[in-house]
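Report on the structure given below.
The values are calculated or read from the model by the stated rules, or taken from the named source; none is laboratory data. Because the structure is a prediction, the values reported are computed rather than measured. Counting neighbours? That spans all protein chains shown, and the Cβs are built from the backbone with ideal geometry, glycine included. Side chains are part of the model used for accessible areas, which takes the heavy atoms of the whole protein and leaves out ligands, DNA and RNA. Shrake-Rupley method; radii C 1.70, N 1.55, O 1.52, S 1.80 Å.
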Amino acid sequence: MYKVFVNDKPLFLTNEIAKETDFQLFLLESIDIEQLIIKMFQNKIQKAYLYYPDEKAILKKMKEKIPVCKAGGGLVYNTNGDVLFIFRNGKWDLPKGGIEKNEEIEDTAMREIEEETGVNQLTITKKLQKTYHIFRRNGKYKLKVTHWFEMQSTFDGTPFPQANEGIERAVWLNPEQVKEALKNSYENIKLLFEEEKLLK
């Protein structure tokens, strides 16, 4: 099962038919995906399941219905065990950005971190899960697939936010501050911290 976020509301891609209780179930094969997305953006639907029988092909099927962009991002720790966060659009987020032509996704993640925060001297320690969310740009809806990497950095300067990307702050947060920041963050970001067992 895949979890795609639409305006921070979950859209599950599943090959199992569950009894509807607090969500609506649609057939991926026949759904007008744009209409469903619009309803989720308008808060008319809070939670939905898209059913397709073949689990292996489900994401491919979704990608046939909506354009996809690929991004890379990082959950970056410094030598004190603090995590690098950015603050943009009124929410705490992790640095990430879109892939460029002929770029490896690991390089995308490192380049975006450096561009958005000024933090360099990065080493990838492990690959984390991918996250999925739908956003709107120039009147069109797209599915963003973000590849996340855990990284270590020996950078000892002060992070510097990339203002022309709308980033207001770039800061290291200690574990207590991270918990606080996650109360005002995105569901995808919370998923990464759950995976890392950092959310108690």
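Scanning the stretch 60-73 for residues that are loosely packed, with under 13 Cβ neighbours inside 10 Å and within 17 Å of the chain's Cα centre (by Cα) turns up Lys63, Pro67. Please verify whether Val76 is open to solvent by less than 70 Å² (accessible area, probe 1.4 Å), more than 22 Å from Lys183 (Cα to Cα) and either in a strand (DSSP E or B) or not aromatic (Phe, Trp, Tyr) (or both), treating the condition exactly as stated. No: the conditions fail for Val76. The set of residues from the stretch 178-191 being in contact (Cβ under 8 Å) with a residue 60 or more places away in the chain and not in a loop (DSSP other than H, G, I, E, B) comprises Val178, Ala181, Leu182, Ser185, Glu187, Asn188, Ile189, Leu191. Summed over the stretch 8-20, the residues that are surrounded by fewer than 15 Cβ atoms within 10 Å (Cβ to Cβ) and within 13 Å of the chain's Cα centre (by Cα) give a count of 1.
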